[in-house]
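The values are calculated or read from the model by the stated rules, or taken from the named source; none is laboratory data. None of these values were measured; they are calculated from a predicted model. Every residue, glycine as well, gets a Cβ built from its backbone with ideal geometry; the counts of neighbours run over all protein chains shown.
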Amino acid sequence: MFRKNGKPKVMEKHKPGPGMAGLDDDIASFINSLVDQNSELINKLEHVDSLKKLADRTVLEARKEAESIKTEAERRVAEIIAEADKKAKAEARKIISRAKKKAEKESRNAVNAAGIELNDKSD
């Protein structure tokens, strides 16, 4: 029924002849109907096979696209994290600088206030 290449073998219709001398028209018609059905089923099978191959290619392409999207997303996430880290460090340096300046100012004020108090007590 199948050829060596995997394709279905198409059957030809039977024509009444010397080999069918004992068969009546109903049987010949029935056999021809089966041959027609077989041909139709072969065509449907080939169509389904074609659709399966298309689906397989589509799935493969979708996987490749998903991997590409994932790679790009991971790259972008790394960029965002690096930028956020850079901004956070810059902000931390500013906060530390302001805190140092404030501490120095408060320290000077405290030293000045203590100096005034010491001067007041020594009088």
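Points to keep in mind about this one:
- With respect to being in contact with a helix residue (DSSP H, G or I) (Cβ under 9 Å, 6 or more places away or on another chain) and not basic (Lys, Arg), Ala28 fits the description.
- All told, Ser122 meets the bar of being surrounded by fewer than 10 Cβ atoms within 10 Å (Cβ to Cβ) and modelled with pLDDT under 95.
- Checklist (1) modelled with pLDDT of 95 or more; (2) surrounded by 11 or more Cβ atoms within 10 Å (Cβ to Cβ); (3) of a type in the set (A, V, I, L, M) applied to Ala62, failing item: (2)
- One residue from Lys4, Lys9 being modelled with pLDDT under 95, of a type in the set (Lys, Arg) and in contact with a Phe, Trp or Tyr (Cβ under 9 Å, 6 or more places away or on another chain): Lys9
- The C-beta contact set for region 23-40 (first residue touching a residue at least 12 places away in the same chain (Cβ under 8 Å), second residue part of a helix (DSSP H, G or I), distance under 7 angstrom, 6+ apart or interchain) comprises Ala28/Met20.
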